[in-house]
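The values are calculated or read from the model by the stated rules, or taken from the named source; none is laboratory data. Please read all numbers here as calculations on a predicted model, not as lab measurements. So basically every Cβ, Gly included, is an ideal-geometry build from the backbone, and we count neighbours across all protein chains shown.
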Amino acid sequence: MSDNPPIVFYPGKLRLIHVAINLALMPLLLYLFKIWSWPPTLIHMGVFALSAMMAIRFYRLRMGKPRLVFDDAGLHGEVSYASADIRGVKPTLGALSIRVDEESGSKEHLINLWWASKADLREISRLALERYGMMDE
């Protein structure tokens with residue numbers, strides 16, 4: 001086992017801001033589709049406040065938390081995969097397909113990378129291919 005430092009990827013700030021803005025402005029759609037009448041009432045203002053708080057909470061919970069880690073032990077994200085079990089990877093559009101050996105045989109798993117910036121997507125693909133090689137079809 002070598003002493004290489006782990007390579008950590010965090011969510012892209014612009015992507016999280018985009019999602020948070022969508023969460024905060026969702027009640028506006030209720031006015032645009034004329035489900036709610038204009039002018040807003042106290043209940044409407046409460047819904048706007050709650051959705052804004054949800055957006056801020058969403059952003060804070062995800063900003064400082066690493067989403068993907070490459071280290072000598074393997075690949076760690078929502079699920080961890082040991083280096084010895086990974087048989088190959090294949091970068092796809094906005095995701096990474098991984099072939100892993102399990103007790104029941106070889107299975108393919110998909111890691112969604114919607115949270116990563118374009119530069120991080122390229123770097124993740126390059127690192128994965130460099131470490132684990134291309135997946136056999």
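Of all residues in segment 46-53, none are more than 30 Å from Tyr10 (Cβ to Cβ), of a type in the set (A, V, I, L, M), loosely packed, with under 14 Cβ neighbours inside 10 Å and free of Cβ contacts under 8 Å to residues at least 12 places away in the same chain. Scanning segment 93-120 for residues that are hydroxyl-bearing (Ser, Thr, Tyr) and in contact with a strand residue (DSSP E or B) (Cβ under 8 Å, 6 or more places away or on another chain) returns Ser97, Ser106. Every test in (1) of a type in the set (Ser, Thr, Tyr); (2) surrounded by 13 or more Cβ atoms within 10 Å (Cβ to Cβ); (3) not assigned by TED's automatic domain parsing to the domain that holds Arg126 is passed by Ser37 save one, and that test is (2). Scanning segment 23-34 for residues that are in contact with a helix residue (DSSP H, G or I) (Cβ under 9 Å, 6 or more places away or on another chain) and surrounded by fewer than 13 Cβ atoms within 10 Å (Cβ to Cβ) turns up just one, Leu28.
Taking the listed residues Arg60, Arg87, the one that is surrounded by 13 or more Cβ atoms within 10 Å (Cβ to Cβ) and either basic (Lys, Arg) or not in a helix (DSSP H, G or I) (or both) is Arg87, with no other qualifying.
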